[in-house]
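Shown next, in structure tokens, is the structure this report addresses.
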Amino acid sequence: MEFQKLLLEHPELQKLFQKFSDEDIKKIQISHYPQDVTMIKREEHATNYAYLIVSGICGIFNILENGEEYCYYKISEYDVIGLSELLGEQVVSREADIRTLTDVVVLKITKEDLRSWMVQYPEFYNLLVKNIINRLHGTIRKHIECKKYSSMANIVSYLIYSYDLYRTSYEKGFLGDVKINETREMIGDFISMSIRSINYNLEALKKRDYINIRRGKIYINHEQYMHLRLYKEELLME
């Protein structure tokens, strides 16, 4: 019943599984993870499962040679954790932590079943890969864009990108405060800016009432989001 409810709530999920047999559908497990937990630990032994994200956002965290931790990519709806292990060489242990940045719902599928379904249901496989590639390309574009302008324009571009991403974790039509669950370090890593400059620009945006800051976290409502979009246009015309 829970899977049928997910299908009703997520039209894209219906497209993925529309040709699946009832027998294969029954093989899928549904798991829920709260915000700020580590789903998969670095150097943990690789499991026999892959995880298809239905809703929510996860960050992939790794450590530089100097010991500094950084989030180098965020994954969201219809991304698959463990897909590279199916397409490449067998992975013995995980190379990064995967941490939830919001509440997350995933479909837990054995790698054996997923490998079989890629052949049995080519539409499923093609749509899955297409979604992942589009998200990767979108992230790369934003990564470049958020370094091309002035410091304020870069911050505003990043906040617009982040709102669009985190907004997907809320119900359709939600206009209230969306929590941007990013640390200043994560923002700085993405746009190559010092934390001091980030804080200065965030305070300036707060004074304009384009963002809210509570307990160090950034919140943006729909009206503020629209102001940020207009403000970005103004900044790029200067």
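For segment 110-168, the set of residues classified as among the polar types (S, T, N, Q) and closer than 14 Å to Ile75 by Cβ consists of Asn131, Asn134, Thr139, Thr168, listed by residue number. From the list Glu203, Glu185, pick out the single residue that is within 20 Å of Glu69 (Cβ to Cβ), part of a helix (DSSP H, G or I) and out of contact with any helix residue (DSSP H, G or I) (no Cβ under 6 Å at 6 or more places or on another chain). Selected residue: Glu185, the only one of Glu203, Glu185 that is within 20 Å of Glu69 (Cβ to Cβ), part of a helix (DSSP H, G or I) and out of contact with any helix residue (DSSP H, G or I) (no Cβ under 6 Å at 6 or more places or on another chain).
Exactly one residue out of Ile155, Ile98, Ile60, Ile53 is out of contact with any Lys or Arg (no Cβ under 6 Å at 6 or more places or on another chain), of a type outside the set (Phe, Trp, Tyr), in the same structural domain as Gly188 (by TED's automatic domain parsing) and not in a loop (DSSP other than H, G, I, E, B), and it is Ile155. Residues in segment 206-238 that are part of a loop (DSSP other than H, G, I, E, B), at pLDDT below 95 and under 21 Å from Lys148 (Cβ atoms): Glu238 only.
Every test in (1) at pLDDT 95 or above; (2) surrounded by 14 or more Cβ atoms within 10 Å (Cβ to Cβ) is passed by Gly176 save one, and that test is (2).
Considered as a group, the residues in segment 28-68 that are of a type in the set (Asp, Glu) and in contact (Cβ under 8 Å) with a residue 12 or more places away in the chain include one that is nearest to Arg184 (Cα to Cα), and that residue is Asp36. Of all the residues in segment 152-184, those that are within 25 Å of Leu16 (Cβ to Cβ) and over 17 Å from the mean Cα position of the chain (by Cα) number 3. Within segment 1-47, the set of residues being of a type in the set (D, E, K, R), under 19 Å from the mean Cα position of the chain (by Cα) and not in a loop (DSSP other than H, G, I, E, B) comprises Glu9, Glu12. Scanning segment 182-198 for residues that are exposed (fewer than 14 other Cβ atoms within 10 Å of the Cβ) and either touching a Cys at 6+ places or on another chain (Cβ under 7 Å) or of a type outside the set (Ser, Thr, Tyr) (or both) turns up Ile195, Arg196.
Does Tyr149 satisfy the criteria of being more than 16 Å from the chain's Cα centre (by Cα) and outside any helix (DSSP H, G or I)? When the stated conditions are applied, Tyr149 passes them.
Give the residue, chosen from Arg229, Arg215, Arg196, Arg208, that is out of contact with any strand residue (DSSP E or B) (no Cβ under 7 Å at 6 or more places or on another chain) and under 11 Å from Met152 (Cβ atoms).
Arg208
In segment 59-95, of all residues being closer than 22 Å to Leu7 by Cβ and of a type in the set (A, V, I, L, M, F, W, C), the one that is modelled with the lowest pLDDT corresponds to Leu83.
Using the structure shown, decide if Tyr166 is of a type in the set (Ser, Thr, Tyr) and either within 16 Å of Val80 (Cβ to Cβ) or part of a helix (DSSP H, G or I) (or both).
Answer is yes for this residue.
Name every residue in segment 106-125 that is farther than 15 Å from Tyr49 by Cβ and among the hydrophobic types (A, V, I, L, M, F, W, C), in order of residue number.
Taking segment 106-125 and keeping what is farther than 15 Å from Tyr49 by Cβ, we get 118-125.
Those that are farther than 15 Å from Tyr49 by Cβ and among the hydrophobic types (A, V, I, L, M, F, W, C): Met118, Val119, Phe124.
The values are calculated or read from the model by the stated rules, or taken from the named source; none is laboratory data. Because the structure is a prediction, the values reported are computed rather than measured. In this analysis, Cβ positions are derived from the backbone assuming ideal geometry, glycine residues included, and neighbour counts consider all displayed protein chains.
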